[in-house]
Amino acid sequence: MHNTHDVLHRLSETLTSRRNADPESSYTAQLFAKGPDSILKKIGEECAELIMAGKEGNKLHVVRESADVMYHLMVLLAFNNLSIDDLLQEMRRREGISGVDEKKSRTSA
């Protein structure tokens, strides 16, 4: 059985490989070709859909919309030459730090 870590790494590698792919052949390549504003707009749209799903309380809908947000977030990372490893490194850095303290560290820096 594959774990989530493997799935995210495979997706990250696939997204990176699509950076220069033909936009006619790949939705991801279309997003890359349209640039950051288009990617950011999709993230906004998907977040709005996730908010609505959360208000409905339908667990399957929440999971599916969360996956859409995660996918588009990973497209943004790849567009910026980042990968899931960069995100995971930041999550590890925050592990064990209270959310209040972590937020204070960002606003005072």
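None of the figures in this text is laboratory data; all of them are computed from the coordinates on show. Everything numeric in this text was worked out from a predicted model, so none of it was measured. Cβ atoms come from the backbone with ideal geometry, glycine included; neighbour counts cover every protein chain shown.
Fewest-first ordering of Arg18, Arg93, Arg106, Arg64 by other beta carbons within 10 Å of each residue's beta carbon gives Arg106, Arg93, Arg64, Arg18. Over region 25-76, what is the relative contact order in whole percent, taking alpha-carbon pairs under 8 Å and six or more residues apart? Contact order relative to length: 45 percent. Of all the options Met91, Met52, Met70, the one that moves most in a Gaussian network model of the chain with Cα springs shorter than 10 angstrom is Met91. Over the C-alpha atoms of region 4-89, the Rg to Rh ratio, Rh being the Kirkwood estimate, stands at 1.00.
For Met52, the shell of other residues with beta-carbons less than 13 Å away shows a net charge of -4, using +1 for Lys and Arg and -1 for Asp and Glu.
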